[in-house]
Amino acid sequence: MLKRRQFAALAGATAFSAPMVARGQARWKPEKPITIYNPFAAGGVTDVHIRMLGETVTKVLGQQVIVDVKAGAAGTLAPAMLLNAKPDGQTLACMSTNSLRYPHYQKTNWDPLKDFTYISGLSGYTLGIVVKSTAPWQTLEELIAAGKKEPEKYNFGTSGIGGTGQLMMIEVEQVTGAKFTHVPYKGGAEWMQALLSDQVHFLADASQWAPFVDNGQCRILAMATEQRLEKYKDVPTLVERGINVVGQSPYGIVGPKGMPPEVVDSIYLAFKEAMGEPKVNEYLAKFLQLPWYKSPAEYRAFAEKYYVEVKPLLIKAGLAQS
């Protein structure tokens, strides 16, 4: 997991590291519509975010951007579909950090560092533990006590096996001695509906729950941030409660391996322009997300570093072997 301070610093610092290019400039123009495979459920925050970015990218590159939902395999199905795609820029995918974890504990026919071209960072999720407003637990301590008294009775939803939400809860369980049952979903739209319809007792995942907290349907028990958020300044962090877990989970755009540099650069610049649109950042702000500006080189450097650093945590979680 990526600490929030590191995430925010990288988001700000890299915003100025890209080449200075006139607005709307692109050296490469696609010959037909561009397809972007989305690893998460339709209607979720990531899905809507990519579609919003696609509107500007369409204008810059002169071809329609089509977002094709390919949820499954813990969010790794979408990028895996690039294995048979031509490296011509016409077929892309959104990749989350799940694709940098999954090969450590599940056999795959792809290598995250060898089989993809890293193009642009986009954003990342802020995590928390959330219940419905009608839930009996008013504090994190009460939920933990319930999980210790009746192990595995209470279940929680996340965006998939091996995802940041599950890893966060594994650490919470290890520190507190509580035990809960994990229920993986394909994306935020699904697990949000599961919580509201009482299929799960709480969520341990990204802040797609924020609007439901704001309208009174849900309640946050704890944030997985390094410090309290200004918007929810009365909500404690896990760290404050003696659970040293800080989570961030960034995602970005990748293509098939072997893409020509001029194609990569043009797509990156188109997305960089789209990320600067006020309506896009206003939408992200609703869900406590920040733009994650990453050039192709910076995004690849992040992936290479994270791929190595996450393995010990997966081993600790019992998902991978040393």
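Against the definition (of a type outside the set (Lys, Arg) and surrounded by fewer than 20 Cβ atoms within 10 Å (Cβ to Cβ)), how does GLY258 come out, yes or no?
For GLY258, the condition - of a type outside the set (Lys, Arg) and surrounded by fewer than 20 Cβ atoms within 10 Å (Cβ to Cβ) - is met.
What number of residues in segment 60-73 are crowded, with 21+ Cβ neighbours inside 10 Å, in contact with a Ser or Thr (Cβ under 8 Å, 6 or more places away or on another chain) and over 16 Å from GLY255 (Cβ atoms)?
0
Collect the residues in segment 203-217 that are surrounded by fewer than 24 Cβ atoms within 10 Å (Cβ to Cβ) and closer than 20 Å to MET169 by Cα, keeping them in residue-number order.
Of everything in segment 203-217, just one residue is surrounded by fewer than 24 Cβ atoms within 10 Å (Cβ to Cβ) and closer than 20 Å to MET169 by Cα, namely ALA210.
Quick one: is GLU240 within 30 Å of ALA204 (Cβ to Cβ), in a helix (DSSP H, G or I) and of a type in the set (Asp, Glu)?
yes
Within segment 142-197, count every residue that is in a strand (DSSP E or B), in contact with a Leu (Cβ under 9 Å, 6 or more places away or on another chain) and under 22 Å from LEU77 (Cα atoms).
So the count comes out to 2.
Considering each of VAL239, VAL213 in turn, give the residue that is β-branched (Val, Ile, Thr) and in contact (Cβ under 8 Å) with a residue 40 or more places away in the chain.
VAL213
In segment 100-120, what residues are farther than 12 Å from GLY255 by Cα and surrounded by 24 or more Cβ atoms within 10 Å (Cβ to Cβ)?
ARG101, TYR102
Anything in segment 269-319 that is out of contact with any strand residue (DSSP E or B) (no Cβ under 9 Å at 6 or more places or on another chain), surrounded by 15 or more Cβ atoms within 10 Å (Cβ to Cβ), of a type in the set (Asp, Glu) and farther than 15 Å from ILE50 by Cα? List them, or say none.
None; the set is empty.
For segment 144-171, how many residues meet the condition of being of a type outside the set (S, T, N, Q) and over 14 Å from VAL130 (Cα atoms)?
16
Does segment 3-21 contain at least one residue that is of a type in the set (D, E, K, R), on the phi < 0 side of the Ramachandran plot, modelled with pLDDT of 95 or more and surrounded by fewer than 22 Cβ atoms within 10 Å (Cβ to Cβ)?
no
Condition check ((1) touching a Ser or Thr at 6+ places or on another chain (Cβ under 9 Å); (2) over 29 Å from VAL172 (Cβ atoms)) across all residues:
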| residue | (1), (2) |
| --- | --- |
| GLU282 | no, yes |
| TYR293 | yes, yes |
| LYS305 | no, no |
| LEU314 | no, no |
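A quick yes/no check of all residues on (1) crowded, with 18+ Cβ neighbours inside 10 Å; (2) in contact (Cβ under 8 Å) with a residue 12 or more places away in the chain:
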{"site": "PRO79", "(1), (2)": "yes, yes"}
{"site": "PRO87", "(1), (2)": "no, yes"}
{"site": "ASN98", "(1), (2)": "yes, yes"}
{"site": "LEU122", "(1), (2)": "yes, yes"}
{"site": "THR134", "(1), (2)": "no, no"}
{"site": "GLU141", "(1), (2)": "no, yes"}
{"site": "LYS149", "(1), (2)": "no, no"}
{"site": "LYS153", "(1), (2)": "no, yes"}
{"site": "GLY165", "(1), (2)": "yes, yes"}
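The rows are residues; the columns are (1) within 19 Å of TYR125 (Cβ to Cβ); (2) assigned to a loop (DSSP other than H, G, I, E, B); (3) in contact with a Pro (Cβ under 6 Å, 6 or more places away or on another chain).
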{"position": "VAL246", "(1), (2), (3)": "yes, yes, no"}
{"position": "GLY255", "(1), (2), (3)": "no, no, no"}
{"position": "LEU269", "(1), (2), (3)": "no, no, no"}
{"position": "LYS272", "(1), (2), (3)": "no, no, no"}
{"position": "ALA297", "(1), (2), (3)": "no, no, no"}
{"position": "ARG300", "(1), (2), (3)": "no, no, no"}
{"position": "ALA303", "(1), (2), (3)": "yes, no, no"}
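Checking the condition on the phi < 0 side of the Ramachandran plot, within 18 Å of the chain's Cα centre (by Cα) and not aliphatic (A, V, I, L, M), which residue from THR76, THR134, THR108, THR139 passes?
Numbers: THR134 fails: within 18 Å of the chain's Cα centre (by Cα); THR108 fails: within 18 Å of the chain's Cα centre (by Cα); THR139 fails: within 18 Å of the chain's Cα centre (by Cα).
Result of the check over THR76, THR134, THR108, THR139: THR76.
The values are calculated or read from the model by the stated rules, or taken from the named source; none is laboratory data. Predicted model only: the values in this text are computed from it and were never measured. Cβ atoms come from the backbone with ideal geometry, glycine included; neighbour counts cover every protein chain shown.
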